[in-house]
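Engineer: First, the structure itself, so that you have it in front of you.
The values are calculated or read from the model by the stated rules, or taken from the named source; none is laboratory data. Everything quoted here is computed from the prediction, not taken from an experiment. A quick note on method: Cβ atoms are made from the backbone with ideal geometry, for glycine too, and the neighbour counts reach across all protein chains shown. Accessible surface is based on the protein model in full, side chains and every heavy atom, while ligands, DNA and RNA are left aside. Shrake-Rupley method; radii C 1.70, N 1.55, O 1.52, S 1.80 Å.
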Amino acid sequence: MADEKPDPQKTTSSLTTANGEQVVRLVIEAQSTSKSRWGTRILGLLLMFSIILNLMLLSSYGDYFNEFDGPLERYYSGSKEAEQKIALIRVSTTIMPPYTERILEQIKKANEDDSIKGMVLVVDSPGGLVADSHQIYHRLNKFAETKPIYVQMQRLAASGGYYIAMGGGDKGKLFAEPTTWTGSIGVIIPHYNMTELADKVGVQSEPLKTGEFKDSLSMFKPISERDREVWDGILDEAYQKFLGVIENGRPDMTRQQIEDIATGRIFTADQAIANGMVDEISFLDDTIAKLETDLKAGPMRVIEYEYPPTLTDVLLGSASAESEMSLLKQLLGSPAPRAFYLLGGSQ
């Protein structure tokens, strides 16, 4: 057809035979630019990879130097126009790194904010590391010196979860949901005895050490009486600290009453109230309303904190993220001894 454009990759030629017939010869030209096109594509991919890499490096650089940003404030409930606020801080995880640092940052930020007049601490945790639990408790105590803390226990507020619930001090109040489990007061250092298994497979432990107790919790040797004497002293010190924290946080309970419940057992919400461990049955919104009423400061805005994802988080997604359970398994499986205020079945 006259309007049809010839294919730029094809050429045609014609010749006339002796019989006068015209033969059309179609010649397919090779794509002389195929190599250059592939080269362009490769360069494009390399450029894209370079851009992504530079963005990740820029994000990491920014994350390193933006400590002043901290957690961001987000509206939860109440009057949006109110200047005075209640901070809602959640401990809904096993108390261990890296979660500890974020919880501490939130408490610190709330304490430094003059517009925040009180806190509702939401606890839904089986507990965690002894040191981390006390760090959070200590930071809460500092907050409670000038502002009240009401604690809302949800599904589980056990061991270290109950420990940090004492952070409100003698003026704090503890509320549990009807189905809350709490208690499990005590200390545990996980230890696994694999001596019989080692004997069966022919494994012998021969550590090079500088002192008698350097390998006292090795899983390849039984715990000696001298080992037990050392670790019993360490456990008892952490245990007595736990009892002292409860004594400060529940002034109406005697030391004997505290020791009677500090057997590692779990208590239901009703049992906890009967034993003086909790003040009332309540749900979160009711607990917030109680604190707002007791503050007598008029309408208030309830806020909580969140951490926006960094550019690295967005680019890498969840590929590099470790679950809470995997982190806990690493802690429990580590050869380094660690003491836990942790619900017994959690390990």
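Engineer: Nearest 0.05, what FRET efficiency do Gln240 and Glu81 give at R0 = 51 Å with Cβ-Cβ as r? Let's see the in-between values first.
Structural biologist: Working: r = 49 Å, r/R0 = 0.95.
Working from the Cβ atoms, E equals 0.55.
Engineer: Right, another one. Give me the one-decimal nm value for the distance between modelled label points at Thr293 and Lys214, 7 Å along each residue's Cα-to-Cβ direction.
Structural biologist: Those two pseudo-labels are separated by 6.3 nm.
Engineer: Please list the equivalent ellipsoid semi-axes of segment 65-143, computed as the square roots of five times the alpha-carbon gyration tensor eigenvalues, in descending order and whole angstrom.
Structural biologist: Numbers: eigenvalues 104, 42, 28 Å².
They are 23, 14, 12 Å, listed from largest to smallest.
Engineer: At a 1.4 Å probe, what is the % contribution of carbon and sulfur to the accessible area of segment 250-299?
Structural biologist: 49
Engineer: Related question: Dimensions of segment 180-250 along principal axes (Cα, Å, largest first)?
Structural biologist: 53, 32, 17
Engineer: Something else about it: Considering only Cα-Cα distances, which of the following residue pairs are longer than 18 Å: Lys80/Lys147; Lys109/Lys296; Lys117/Lys290; Lys147/Lys296; Lys117/Lys296?
Structural biologist: Checking Cα-Cα distances, Lys80/Lys147; Lys109/Lys296 exceed 18 Å.
Engineer: Whole number in Å², please: accessible area per residue of segment 243-295, 1.4 Å probe, ligands, DNA and RNA not counted.
Structural biologist: It amounts to 51 Å² per residue over segment 243-295.
Engineer: Restricting to segment 156-302, what percent of DSSP beta bridges are antiparallel, rounded to 5? Could the numbers behind the result be given before it?
Structural biologist: Working: 3 of 8 bridges.
So the antiparallel bridges amount to about 40 percent of the total.
Engineer: Here is a follow-up. How would you order 45-54, 204-213, 217-226, 137-146 from highest to lowest mean count of nearby Cβ atoms within 10 Å? Mind showing how you got there, number by number?
Structural biologist: Numbers: 45-54: 10.2, 204-213: 8.6, 217-226: 13.6, 137-146: 17.5.
Ranked from most to least packed, the peptides come out as 137-146, 217-226, 45-54, 204-213.
Engineer: Roughly speaking, to the nearest percent, how much of segment 94-249's 1.4 Å accessible area is carbon and sulfur?
Structural biologist: 52
Engineer: Whole number in Å², please: accessible area per residue of segment 135-195, 1.4 Å probe, ligands, DNA and RNA not counted. Working shown, then result.
Structural biologist: Working: 2280 Å² over 61 residues.
Using a 1.4 Å probe on heavy atoms only, each residue of segment 135-195 averages 37 Å².
Engineer: Run through all the Cα pairs of segment 198-309 and give the fraction in each 5 Å bin from 0, expressed as whole percent.
Structural biologist: Reading the bins upward from 0: 2, 8, 11, 11, 10, 10, 11, 10, 8, 8, 6, 4, 2, 1, 0.
Engineer: So if R0 is 51 Å, what FRET efficiency would Ser115 and His191 give, r being the distance between their Cβ atoms, rounded to the nearest 0.05?
Structural biologist: On the way: r = 48 Å, r/R0 = 0.95.
Once the sixth-power term is evaluated, E becomes 0.60.
Engineer: Given the peptides 163-169, 253-259, arrange them by the average over their residues of other C-beta atoms within 10 Å, most packed first.
Structural biologist: Highest mean packing first, the order is 163-169, 253-259.
Engineer: Moving on to the next point. Largest first, please: the extent of the C-alpha atoms of segment 84-219 along each principal axis, to the nearest Å.
Structural biologist: 67, 36, 24
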